[in-house]
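Take a look at the structure set out below.
The values are calculated or read from the model by the stated rules, or taken from the named source; none is laboratory data. A quick note: this is a predicted structure, and the numbers were derived from the prediction, not measured. With ideal geometry, Cβ positions are generated from the backbone for all residues, glycine too; neighbour counts draw on all protein chains shown.
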Amino acid sequence: MKQPNNPYYYNPYYNPYAPYPVDQSAPPIPYRADNSRAHLITGIVAGAAIAYLLSNRNVQKSIGATANKAWGAVRGEVEELKERLADVQAELDYYRENDRDSE
């Protein structure tokens, strides 16, 4: 490589064709191999708990009651929103009529 006239532009240690340095640390342990038994046991316990809760009549009734309350609240809010939109539409119509009358 030819050295330029300005010494600040020349780096004798720079090689543009050198490969990037490779990380020499140990490869990480795969996720499955690291925690397979703990995840299996956790999954079994969680599945058993969910199956027990969903097969219990009292839990089913309480889930149904909660769902009904939530659905009723959603329906009530939708009705309230419809009323507000109707009020806004009536106000817009009123102001449009006043604007036409003033012209």
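Brief remarks follow.
- Flag for ALA49 being loosely packed, with under 10 Cβ neighbours inside 10 Å, part of a helix (DSSP H, G or I), out of contact with any Ser or Thr (no Cβ under 6 Å at 6 or more places or on another chain) and without any contact (Cβ under 8 Å) to a residue 40 or more places away in the chain: no
- Subset of the stretch 80-103 that is among the acidic types (Asp, Glu) and in a helix (DSSP H, G or I) - its residue that is nearest to the chain's Cα centre (by Cα): GLU80
This table checks each residue for (1) aromatic (Phe, Trp, Tyr); (2) at pLDDT below 95; (3) not in a helix (DSSP H, G or I).
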| site | (1), (2), (3) |
| --- | --- |
| PRO4 | no, yes, yes |
| ASN11 | no, yes, yes |
| TYR14 | yes, yes, yes |
| ALA18 | no, yes, yes |
| PRO21 | no, yes, yes |
| ARG32 | no, yes, no |
| ALA38 | no, yes, no |
| LYS69 | no, no, no |
| VAL78 | no, no, no |
